[in-house]
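Read-outs: derived from the displayed coordinates by stated rules, not from any lab. Everything quoted here is computed from the prediction, not taken from an experiment. Counting neighbours? That spans all protein chains shown, and the Cβs are built from the backbone with ideal geometry, glycine included.
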Amino acid sequence: MKYENITSAVFISRPNRFIAEVEINGKKEVVHVKNTGRCRELLINGAEVWLTAPGTPGRKTKYDLIAVRKNNGILFNIDSQAPNKVVKEWLDKKDFSKVIPEYKYGNSRIDFYMEKQKENGETEHIIMEVKGCTLEINGIGYFPDAPTERGVKHIYELIKAKEAGYRSILCFVIQMDGVKEVRPNIQMHLEFGKAMADARQAGVEIVYMLSHVDPDELNIIEERREDEE
C-alpha cells in the first residue's frame, strides 16, 4: 500500500483526537490525524512525522498525518484505514474464489468474507476481522490503545460465526517493523482480553500480519498464526 505526496514534519501537539499541530520547514500547520486512538507514546513533541496530501477538494486540512518515528527509532504507520487496505491487497494475491469487504454478519459488519474451494470440492466459508496494532512495548505489540466496545462486539460475532460453521479469523496488522505478536492490552481494556480468551477457546484463529513500514508505504511481509509461536 503506497501513499503519494509525502512530506516530513515535526510533531508539536494534538489538541484533540482528530487534528495535530506540526511544523513543516519552520511553519506551523494543522493536519488531520488518521487515527482516533491515543498514540500517546508516539505523538510527542519533537517527534518526526510524515504527512500525505490527498488533494481532496473542500478539505479543512491539506495534510493527513500517517506515520511517526518513535523515540526508540522504530517507524510506525498510524493510519487506521491502512490495515484493511493492505489486507485486501494480501487477500487478492491468495487463492480465494471470493473476497468481499465489509460483510454483514449478525449485528455487525465484519471486515472480510472469503470463500475457498477445498480439495474435496466443498466451499470453505471464512470471515475475518482486522485490527491495526500501533502500540509497542519492549518489542511486543498490544491492542487496543484505547477502550473499544466495538472491537469486543466483533470478536463475539466471530465466535458466533465459528459456532455456525464458518472459519473465523481475528487478524492483527502490526503497523511497525520487528514485532511478531500482539497481546491484549488488559490494562487498557480488560473486557477485550476476556473476549480474545473466549475466542481462542471457541476455535477462532488469531493471525498476525507482520509488516514493513516506510514513510510512504505499508507492506505485509509475513502471515503468522498465534499457534505457530
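Between ARG17 and ARG150, the contour length at 0.36 nm per residue exceeds the Cα-Cα span by 46.1 nm.
Estimated from helical segments only, the mean residue ellipticity of the chain at 222 nm is -5500 deg cm²/dmol, where each DSSP H run of four or more residues counts as -39500 (n - 2.57).
Look at the dipole of the range 6-77 built from charges on Cβ: of PRO57, GLY26, SER8, the Cα furthest out on the positive end belongs to PRO57. Would you work out if the range 140-214 is rounded, prolate or oblate? Take a ≥ b ≥ c from the square roots of the eigenvalues of the alpha-carbon gyration tensor; rounded if a/c is under 1.5, else prolate when a/b is larger than b/c, oblate otherwise. Note, shape of the range 140-214 comes out oblate. Is the shape of the range 6-77 best called rounded, prolate or oblate, per the rule: a/c under 1.5 gives rounded, else a/b larger than b/c gives prolate, else oblate, with a ≥ b ≥ c the square roots of the Cα gyration tensor eigenvalues? Verdict is prolate for the range 6-77.
With a 10 Å cut-off between alpha carbons and a GNM built on the chain, which of ARG14, ARG150, ARG200 moves the most? Answer for the Gaussian network model of the chain: ARG150.
When the Cα positions of MET128, ASN107, GLY73 are compared along the charge dipole of the chain, ASN107 comes out farthest toward the positive end, with charges on each C-beta of Lys, Arg, Asp and Glu.
Ellipsoid fit via the Cα gyration tensor, the chain: semi-axes of 33, 19, 16 Å, each the root of five times an eigenvalue, largest first.
Using r as the Cβ-Cβ distance of GLU226 and ASN72, and R0 as 30 Å, what FRET efficiency do you calculate, to the nearest 0.05? With R0 = 30 Å, the Cβ-Cβ based efficiency is 0.75.
Comparing LYS28, LYS70, LYS60 in a Gaussian network model of the chain, where Cα atoms under 10 Å apart are tied by springs, the biggest mean-square fluctuation is seen for LYS60.
Please report the relative contact order for the chain, taking Cα pairs under 8 Å with a sequence separation of at least 6, and give it as a percent rounded to a whole number.
16
Between PHE172, PHE112, PHE96, the Gaussian network model of the chain with springs among Cα atoms under 10 angstrom shows the greatest mean-square fluctuation at PHE96. So which of LYS118/LYS162; LYS2/LYS194; LYS85/LYS194; LYS34/LYS88; LYS34/LYS60 end up more than 25 Å apart, counting from Cα to Cα? Violating the 25 Å Cα-Cα cut-off are LYS2/LYS194; LYS85/LYS194. For the chain, DSSP calls about 75 percent of its internal beta bridges antiparallel. Charged side chains reduced to their Cβ positions (Lys and Arg at +1, Asp and Glu at -1) give the chain a dipole of some 820 debye around its Cα centre. Using the Cβ-Cβ distance between ARG183 and THR123 with R0 set to 45 Å, the FRET efficiency works out to roughly 0.85.
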